[in-house]
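Beneath this line is the structure, given in structure tokens, with notes to follow.
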Amino acid sequence: MPEAYAAHPDYGYDRDFRGYGEAGLRGLKWRNNAKIAVSFVINYEEGGERSVLCGDGQSETNLRENAGPPRINERHYNAESEFEYGSRAGFWRLFRLFNKYEMKFTLYAVACAVQEVPEVVTRCVETGHDVASHAYRWLEYHDFSIEKEKEWIKKCIESLKKLSGYAPKGWYYGRGSPHSRTLVPQVYEEMGEELVWASDTYADEVPYWIDRADEKQKSSPTGCLMVPYSYDCNDFKFHSANGFRDPQGFYNHLKNAFDVLYAEGAEGAPKMMTVGLHNRIIGRPGRFKALQDFVEYISKKEDVWVATRTEIAECFREQFPYQKGSLAKAK
């Protein structure tokens, strides 16, 4: 193991190539014995991206329609307006769709972004959607010092709790630091709040427990439940060179993934399917139709549980409470 990691035992995690193995996880039952749990995630980042207005010294270049070099030390009004489309039009289009079909989603909320439009959080709470954390700002946290990252984690929790009435039950960075997996649950504990799940992993299709690196000497460790996220069923690939070139390709990919996992669930091995969405991407009408068609498709299927990530985590925890050294061990 590299010396740099050996020097920080509280932040180093071993790799796991085996997971649940050939047999997979057995005995998992979703609510109402559903064959599949579908998790729709809306990434709300508009207002949390890089901007000279926020002291970043440059404009945002990531996940934009017309990506190009950043403007340095000056505003980029075109780039800003792309993000503003997501909060002004895209989010509400998604919000109406899921409410129409009575499907609950999880809002990955960048705290300083939803602070700009607090009614987004208010309406999500009122209609039963889950407000989770997507960090305080939509930035790269890799080079943050430990103390600075802890400060920003706390600031995010406080902000979202003020807006929603509760501390976010789940956390997803996307661009965390080597320390994040330990720091996030640590800060929750220090604040007296509960972290139910974390999603900075892409390693499986069902949740699993990890032993926290900082709890090796604890007599009563709590572990951390990982609820895997997905990059393949994710609209960000419309802005990726190896991604979707047209909305029909996105729909086909979602449908194929759903059909395979649905069949496996029918055979006694239920999985979860995560669909990652962004207001400024899938919220555009030409792409939105693909999501609309997929929602319509699964709405006609029996034994489908469209759930928030917190609901999925709580269902899993009831059946497989944390036991040190185990991904999942039934009661």
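The table below gives the values:
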quantity	calculated
Size of electric dipole in the range 135-196: Cβ of Lys, Arg +1 and of Asp, Glu -1, about Cα centre, debye, nearest 20	220
Residue (of SER51, ASN73, LEU63) at the positive-pole extreme of the range 26-170, dipole from beta-carbon charges	LEU63
Accessible carbon and sulfur surface of the chain relative to its total accessible area, %, 1.4 Å	47
Estimated dipole of the range 78-193 in Debye, rounded to 20 [Cβ of Lys and Arg +1, of Asp and Glu -1, Cα centre]	340
Computed magnitude of the charge dipole of the chain (debye, nearest 20; Cβ of K, R +1, Cβ of D, E -1)	660
Proximal aspartates and glutamates to LYS100, defined as alpha-carbon separation beneath 12 angstrom and excluding residues fewer than eight positions away on the same chain	GLU296
For the chain: accessible area per residue (Å², 1.4 Å)	47
C-alpha center-to-center spacing [the range 19-59, the range 128-163] in angstrom	15
Distance violations [Cα-Cα > 18 Å] among LYS255/LYS289; LYS104/LYS154; LYS216/LYS324	LYS104/LYS154
Longest DSSP-loop-exposure-free segment, GluC sites (Glu not before Pro), the chain, at most 14 other Cβ within 10 Å	195-266
Selection from GLY128, GLY90, ALA198, by position along the positive dipole direction of the range 70-215 (Cβ)	GLY90
Listed residue pairs exceeding 25 Å between alpha carbons, taken from LYS29/LYS150; LYS161/LYS300; LYS271/LYS301; LYS155/LYS331	LYS29/LYS150; LYS161/LYS300; LYS155/LYS331
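The values are calculated or read from the model by the stated rules, or taken from the named source; none is laboratory data. From a predicted model like this one, the values you see are computed outputs, not experimental measurements. Positions of Cβ are generated from backbone atoms using ideal geometry, with glycine treated the same way; all protein chains shown enter the neighbour counts. The accessibility values were calculated without ligands, DNA or RNA, using every heavy atom of the protein model including side chains. Shrake-Rupley method; radii C 1.70, N 1.55, O 1.52, S 1.80 Å.
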